[in-house]
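To start, the structure under review is shown below, and the notes come after it.
Quick note: the coordinates plus some simple rules give every number you see, no bench work behind them. Bear in mind the structure is a predicted one, so any value in this text is a computation, not a measurement. Glycine gets a Cβ as well: all are built from the backbone with ideal geometry, and neighbour counts include every protein chain shown.
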Amino acid sequence: MSATEEEFDDFYALAYPRLVRQIHAMTGDLSEAQDVAQEAFIKAWDRHEQFMNATSQEAWIRTTAWRLAVSRFRRMRRGLQLVQRHHQQRHVEGPGPEHVALVAALRTLPTRQRSVIVLHHLCDLSVEQISAEMGWPAGSVRTWLVRGRQSLARQLMPPQDKEVGHAG
């Protein structure tokens, strides 16, 4: 570890708790204060020269963290305004038993099988599109699609058909 890294680590260890308390007092949200303080320290490391030449490094972090918190708040407020403006209050039915069963069955699949099933059948992507988007070979996507379908078919089969299937 270089002297610069060591200095930065020492500064972080001393200043982080104090800065989080300050930002928490400013925002009223401890989790947000921790997030923006962390992000401010990352920016300080990325802009190392500017940060090291600051009159007060702690003030630099505090100002950066505050700006980040304000920016997040503005984005959140704007999003809320958009939702309120364009949202119509309406009753939405809960998921039906078929949906619940499908989600439960999907959860049992290995991650890649589950991903290709969802991308292919719910997002209407072709095997080639899935391959390009996920960076997986098309042959693997096809294999996972077949295996996932087979596994889902077994899991979603009515109980009486399962008994017949095992007896035969």
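Observations on the model:
- Evaluating kT/(6 pi eta Rh) at 20 °C and 1.002 mPa s, with the Kirkwood radius of region 57-140 over Cα pairs in the Stokes-Einstein relation, gives 122 µm² s⁻¹.
- In this simple spin-label model, placing a label point 7 Å from the Cα along the Cα-to-Cβ direction at both V92 and A132 gives a separation of 3.1 nm.
- Rounded, prolate or oblate (a/c below 1.5 giving rounded, otherwise prolate when a/b exceeds b/c) for region 94-146 by Cα gyration tensor: prolate
- Volume per residue of the convex hull around the Cα atoms, evaluated for region 3-86, comes out as 92 Å³.
- Helical segments meeting 27 Å axial Cα length and Kyte-Doolittle -0.5 threshold in the chain (DSSP H): 3-27
- Environment charge of S126, counting only residues whose C-beta is closer than 15 Å and scoring Lys/Arg +1, Asp/Glu -1: -2
- Maximal additional length on extending the Q160-M52 stretch stands at 31.7 nm, based on 0.36 nm per residue less the C-alpha distance.
- CD proxy at 222 nm, helix term only [per DSSP H run n ≥ 4: -39500 (n - 2.57); per residue of the chain; nearest 500]: -25500 deg cm²/dmol
- Expressed in Å, the radius of gyration and Dmax of the Cα atoms of the chain are 26.0, 81.
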